[in-house]
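The values are calculated or read from the model by the stated rules, or taken from the named source; none is laboratory data. Everything numeric here is computed off the predicted structure, so don't read it as measured data. Here the Cβ is made from the backbone with ideal geometry for all residues, glycine too, and neighbour counts use every protein chain on show. These accessible areas exclude ligands, DNA and RNA; they are computed on the full protein's heavy atoms, side chains included. Shrake-Rupley method; radii C 1.70, N 1.55, O 1.52, S 1.80 Å.
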Amino acid sequence: MTIDQFDFNGKKAIVRVDFNVPLDENGNITDDTRIRGALPTLRKILDNGGALIIMSHMGKPKGKVNPKFSLGQIKDAVSKALGVPVEFAPDCAKAAEMAEALKPGQVLLLENLRFYPEEEGKPVGIDKEDPAYDAAKKEMKERQKEFAKTLAGYADVYVNDAFGTAHRRHASTAVIADYFDADHKMLGYLMEKEVKAVDNILSDIKRPFTAIMGGSKVSTKIGIIENLMDKVDNLILCGGMTYTFAKAQGGKVGDSLCENDKLQLALDIMAKAKEKGVNLVLGVDCVAGDAFNNDCNTQICSVMDIPEGWEGMDAGPETRKIFADTIRGSKTILWNGPAGVFEFDNFTAGSRAIADAIVEATKNGAFSLVGGGDSVACINKFGLADEVSYVSTGGGALLEAIEGKVLPGIAAIKG
Ligand code: AMP
């Protein structure tokens with residue numbers, strides 16, 4: 001079933017969206033991309049005569065109520081974006097009455113799903129090593145099913161439009177689908193678009209295929225780095241990871257971010273790239289700072305020779321040139337993670353060089369996909385989002401999809 005085939009007239013639709021928007025300290029939304037991303041699906045259902053029950057997570061409240069992460073804070077913004085009033089259910093496990101009373105054209109926003117440990121289905125307050133953990137996990141999985149069933153009971157039809165969480169088997173992203181017939185569950189427009197973008201890359205890879213992986217740590221990206229080596233021709237590793245690789249090769253990295261327990265892993269990655277014929281591209285120089293702030297003193301150093309008291313915070317000029325040349329010669333490009341501490345204006349040059357080269361390659365016919373919160377923030381900061389082929393709302397989900405993994409949120413609907 002697709003969202004265009006279904007007749008929502010007189011029906012209540014429960015829609016999982018990703019309204020995990022960044023808020024400032026006063027609870028104001030600093031980037032509403034995710035709300036705007038869900039609008040086509042939400043509008044379609046309303047315009048078609050349906051009623052909406054919107055559910056999402058926000059932040060990581062870890063199964064506990066925490067006002068800092070309340071979706072009540074964004075109710076007015078959602079209402080403004082949709083152009084209709086929005087009711088808010090402060091307790092999503094007890095929203096039955098409000099859902100029952102919904103009339104066509106009306107909208108109900110549920111509280112943050114992750115205030116309930118059942119959403120993620122992981123036992124809380126018990127260590128994995130604890131002998132009672134398995135039993136607690138089993139019990140929580142049962143509670144997760146009950147929670148999903150309760151949510152499902154509010155509506156006639158389920159729509160999943162939250163690509164960012166599609167790689168998780170949570171109550172609202174996957175388990176809930178078990179309580180709807182095949183013709184009463186479907187992907188939203190955003191999801192369909194994301195799936196198509198990934199298909200576009202995987203079904204017909206135009207070579208050379210270059211992946212640029214940045215960000216802070218090797219440890220969180222190792223899975224995808226290893227998997228990408230079977231697919232790409234060039235693999236650019238940048239950002240904070242640079243210094244773990246430099247140290248592993250005998251470099252002095254000063255106070256740079258460095259995972260000392262991952263030095264062997266870095267060498268293994270280098271060996272594996274060689275074995276597979278992948279051109280692994282690492283930074284050679286960096287912009288080092290003498291403090292972790294925008295206004296610190298800076299100097300350009302070799303990544304192999306950073307003085308004590310200094311830390312590598314961005315790619316240096318020689319590195320930028322190497323990265324840009326590699327990217328410009330590519331026909332398929334995937335970018336995840338910045339090349340430096342791009343949040344500080346004085347350390348954006350590395351990420352900017354990558355973004356500019358991607359834009360140029362795209363103009364010359366390459367397919368470019370940018371994904372993951374920080375790279376998206378980066379491309380938005382540069383005002384270049386419209387000049388790449390596709391900007392994904394998914395980080396982890398996008399990478400798992402590119403790895404060829406089946407995403408539980410999609411499998412729950414498509415089988
Ligand atoms: P991740 O969440 O792993 O994708 O990392 C994103 C973060 O990595 C951003 O907040 C960047 O500021 C940070 N980052 C990138 N390069 C560096 C670096 N050289 N040192 C410290 N942090 C970095």
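Return yes or no: is residue 136 in contact with a strand residue (DSSP E or B) (Cβ under 7 Å, 6 or more places away or on another chain), part of a helix (DSSP H, G or I) and surrounded by fewer than 24 Cβ atoms within 10 Å (Cβ to Cβ)? No; evaluated as a whole, the condition is false for this residue. A residue that is under 23 Å from residue 163 (Cβ atoms) and out of contact with any strand residue (DSSP E or B) (no Cβ under 9 Å at 6 or more places or on another chain) occurs somewhere in the range 5-19. Just so you know, in the range 1-50 the residues that are part of a helix (DSSP H, G or I) and out of contact with any helix residue (DSSP H, G or I) (no Cβ under 8 Å at 6 or more places or on another chain) include one that is surrounded by the fewest Cβ atoms within 10 Å (Cβ to Cβ), and it is 47.
Which residues, counting only those in the range 55-73, are surrounded by fewer than 23 Cβ atoms within 10 Å (Cβ to Cβ) and of a type in the set (A, V, I, L, M)? Passing the criteria: only 65. Per the conditions (1) more than 20 Å from residue 374 (Cα to Cα); (2) buried (at least 20 other Cβ atoms within 10 Å of the Cβ), the sole criterion not satisfied by residue 312 is (1). Condition test on residue 279, is it touching a Gly at 6+ places or on another chain (Cβ under 8 Å) and not basic (Lys, Arg)? Against the criterion (touching a Gly at 6+ places or on another chain (Cβ under 8 Å) and not basic (Lys, Arg)), residue 279 does not qualify. If you check 348, 326 for being at pLDDT 95 or above, of a type outside the set (A, V, I, L, M) and within 21 Å of residue 381 (Cα to Cα), only one passes: 348.
Filtered by the rule that a residue be open to solvent by less than 10 Å² (accessible area, probe 1.4 Å) and either within 13 Å of the ligand (Cβ to nearest atom) or not hydrophobic (A, V, I, L, M, F, W, C) (or both), the range 343-356 gives 347, 350, 351, 354.
Restricting attention to the range 203-247, the residues being of a type outside the set (S, T, N, Q), more than 10 Å from the ligand (Cβ to nearest atom) and open to solvent by 20 Å² or more (accessible area, probe 1.4 Å) number 12. Here is the figure for the range 96-115: residues that are assigned to a loop (DSSP other than H, G, I, E, B) and surrounded by 23 or more Cβ atoms within 10 Å (Cβ to Cβ) total 2.
Restricting the first member to the range 320-349 and to residues that are in contact (Cβ under 8 Å) with a residue 60 or more places away in the chain, and the second to residues that are open to solvent by less than 30 Å² (accessible area, probe 1.4 Å) and among the aromatic types (Phe, Trp, Tyr), the beta-carbon pairs closer than 6 Å and six or more apart or on different chains are 332/209; 340/347. For first residues located in the range 256-267 and within 15 Å of residue 221 (Cα to Cα) and at pLDDT 95 or above, partners that are assigned to a helix (DSSP H, G or I) and polar (S, T, N, Q) and lie 6+ apart or on another chain with Cβ distances below 6 Å form the pairs 258/244; 259/244; 262/244; 266/244. Any residue at all in the range 357-366 that's open to solvent by 30 Å² or more (accessible area, probe 1.4 Å) and within 15 Å of the ligand (Cβ to nearest atom)? Taking every residue of the range 357-366 in turn, none turns out to be open to solvent by 30 Å² or more (accessible area, probe 1.4 Å) and within 15 Å of the ligand (Cβ to nearest atom). Within the range 54-95, how many residues turn out to be part of a helix (DSSP H, G or I) and of a type outside the set (D, E, K, R)? Total meeting the criteria: 13. Considering 167, 184, the condition of being buried (at least 16 other Cβ atoms within 10 Å of the Cβ), out of contact with any helix residue (DSSP H, G or I) (no Cβ under 9 Å at 6 or more places or on another chain) and farther than 13 Å from residue 16 by Cα is satisfied by 184 alone. May I ask you to verify whether residue 380 is more than 24 Å from residue 230 (Cα to Cα), within 16 Å of the ligand (Cβ to nearest atom) and touching a helix residue (DSSP H, G or I) at 6+ places or on another chain (Cβ under 9 Å)? Against the criterion (more than 24 Å from residue 230 (Cα to Cα), within 16 Å of the ligand (Cβ to nearest atom) and touching a helix residue (DSSP H, G or I) at 6+ places or on another chain (Cβ under 9 Å)), residue 380 qualifies. Contact annotation: residue pairs with Cβ atoms under 7 Å, 6 or more positions apart or on different chains, pairing a residue in the range 213-230 that is touching a residue at least 12 places away in the same chain (Cβ under 8 Å) with a partner that is within 6 Å of the ligand (Cβ to nearest atom) and open to solvent by 30 Å² or more (accessible area, probe 1.4 Å), are 215/374; 216/257. Filtering the range 273-291 for residues that are hydrophobic (A, V, I, L, M, F, W, C), open to solvent by less than 30 Å² (accessible area, probe 1.4 Å), in contact with a Cys (Cβ under 8 Å, 6 or more places away or on another chain) and without any contact (Cβ under 8 Å) to a residue 60 or more places away in the chain leaves a non-empty set.
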